[in-house]
Amino acid sequence: MKGIVFTEFLNMVEEEFGLAVIDEMIEKAELPSGGSYTTVGTYDFFEMQQLLHELNRISGIPVQELIYQYGLYFFNCLTRQHPNIFNYYQSAMAFVAGVENHIHVEVRKLYPKAELPSFKVIEQSDDCLQLIYTSERAMYMFAQALMEKTFAFYRQKVYIYRELLNPKGTRVQFTIKSHAKPHQS
């Protein structure tokens, strides 16, 4: 996993919980890196799991909620570092549909060893998008947060429904509708 994911996570934890929580989280996690990350380095995903586990223990916030909050935070990093990426798309629906075949292609140019989730579009229209998220890391709530922030960025109101296709959450179907009544997902 790329170091920027770790450095931004620690920035979020500092802003939301303070330096004392970072220190405790890193100390208790017993990380091979010692919790020292660079944005361009590559680190084992196990370390992110350990950090999330410790932050959950300290804060009492469920891990998936922490991952979701981090996704919301990380979107701001993306808009700072790559503000022009949104100029390629007329709508958020097109942007999200283009993640696999455009956005991730560009990410791999910058970070050749990046291990990214896959997003397979299974249905696409002007007001509906269905896609399958696949990743052994099961960070589907991170993906959902990024999608939500993308639609907010484009000032488009949508409803995002998710269905876990397996208990671990390594395969998740997202259905995004611009005209629908909200329901819990």
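Whether any residue in the stretch 25-33 is within 26 Å of Thr134 (Cα to Cα), aliphatic (A, V, I, L, M) and touching a residue at least 12 places away in the same chain (Cβ under 8 Å) is what I want to check. Reasoning before the result, please.
In the first step, residues of the stretch 25-33 are kept if they are within 26 Å of Thr134 (Cα to Cα); the result is none.
Checked the stretch 25-33: no residue is within 26 Å of Thr134 (Cα to Cα), aliphatic (A, V, I, L, M) and touching a residue at least 12 places away in the same chain (Cβ under 8 Å).
So Leu165 fits all but one of (1) surrounded by fewer than 16 Cβ atoms within 10 Å (Cβ to Cβ); (2) at pLDDT below 95; (3) under 28 Å from Asp44 (Cα atoms); what number is the exception?
Checking Leu165 against (1) surrounded by fewer than 16 Cβ atoms within 10 Å (Cβ to Cβ); (2) at pLDDT below 95; (3) under 28 Å from Asp44 (Cα atoms), the one that fails is (2).
So which residues in the stretch 118-130 are over 15 Å from Ile103 (Cα atoms) and in contact with a strand residue (DSSP E or B) (Cβ under 9 Å, 6 or more places away or on another chain)?
Of all residues in the stretch 118-130, those over 15 Å from Ile103 (Cα atoms) come to 122-130.
Matches in the stretch 118-130: Ile122, Glu123, Gln124, Asp127, Cys128, Leu129, Gln130.
State which residue is farthest from Thr79 (Cα to Cα) when the search covers only the stretch 1-57 and only residues that are among the acidic types (Asp, Glu) and part of a loop (DSSP other than H, G, I, E, B).
The first filter runs over the stretch 1-57 and keeps only residues among the acidic types (Asp, Glu), leaving 8, 14-16, 23-24, 27, 30, 44, 47, 54.
Subsequent filtering for residues that are part of a loop (DSSP other than H, G, I, E, B) retains 30, 44.
Details: Glu30: 32, Asp44: 25 Å.
So, considering only residues that are among the acidic types (Asp, Glu) and part of a loop (DSSP other than H, G, I, E, B), the one farthest from Thr79 (Cα to Cα) is Glu30.
List the number of the failed condition for Ile58; all other conditions in (1) within 23 Å of Leu146 (Cα to Cα); (2) touching a residue at least 40 places away in the same chain (Cβ under 8 Å); (3) open to solvent by 20 Å² or more (accessible area, probe 1.4 Å); (4) hydrophobic (A, V, I, L, M, F, W, C) hold.
Failed condition: (1).
Before we move on, is Asn87 open to solvent by 40 Å² or more (accessible area, probe 1.4 Å) and at pLDDT below 95? Even if it seems obvious, please write down each step before you answer.
On the way: open to solvent by 40 Å² or more (accessible area, probe 1.4 Å): yes; at pLDDT below 95: yes.
Criteria met by Asn87.
If Thr134 satisfies all but one of (1) closer than 30 Å to Gly41 by Cβ; (2) surrounded by fewer than 18 Cβ atoms within 10 Å (Cβ to Cβ); (3) modelled with pLDDT under 95, what's the number of the condition it fails?
Among (1) closer than 30 Å to Gly41 by Cβ; (2) surrounded by fewer than 18 Cβ atoms within 10 Å (Cβ to Cβ); (3) modelled with pLDDT under 95, Thr134 violates only (3).
Which fully enclosed strands (runs of 3 or more DSSP E) of the stretch 123-185 have 2 or more residues being under 15 Å from the mean Cα position of the chain (by Cα) and of a type in the set (A, V, I, L, M, F, W, C)?
Numbers: elements: 128-134, 159-164, 171-177.
Here the list reads 171-177.
Can you pull out the residues in the stretch 18-51 that are among the aromatic types (Phe, Trp, Tyr) and open to solvent by less than 70 Å² (accessible area, probe 1.4 Å)?
Tyr37, Tyr43, Phe45
I'm trying to understand the selection: among the residues of the stretch 67-84, which are over 16 Å from Ala152 (Cα atoms), open to solvent by 40 Å² or more (accessible area, probe 1.4 Å) and touching a helix residue (DSSP H, G or I) at 6+ places or on another chain (Cβ under 9 Å)?
Listed by number, the residues that qualify are Gln81, His82.
The values are calculated or read from the model by the stated rules, or taken from the named source; none is laboratory data. Source: prediction; values computed, not measured. Here the Cβ is made from the backbone with ideal geometry for all residues, glycine too, and neighbour counts use every protein chain on show. We work out accessible area using only protein heavy atoms, side chains counted, and drop any ligands, DNA or RNA first. Shrake-Rupley method; radii C 1.70, N 1.55, O 1.52, S 1.80 Å.
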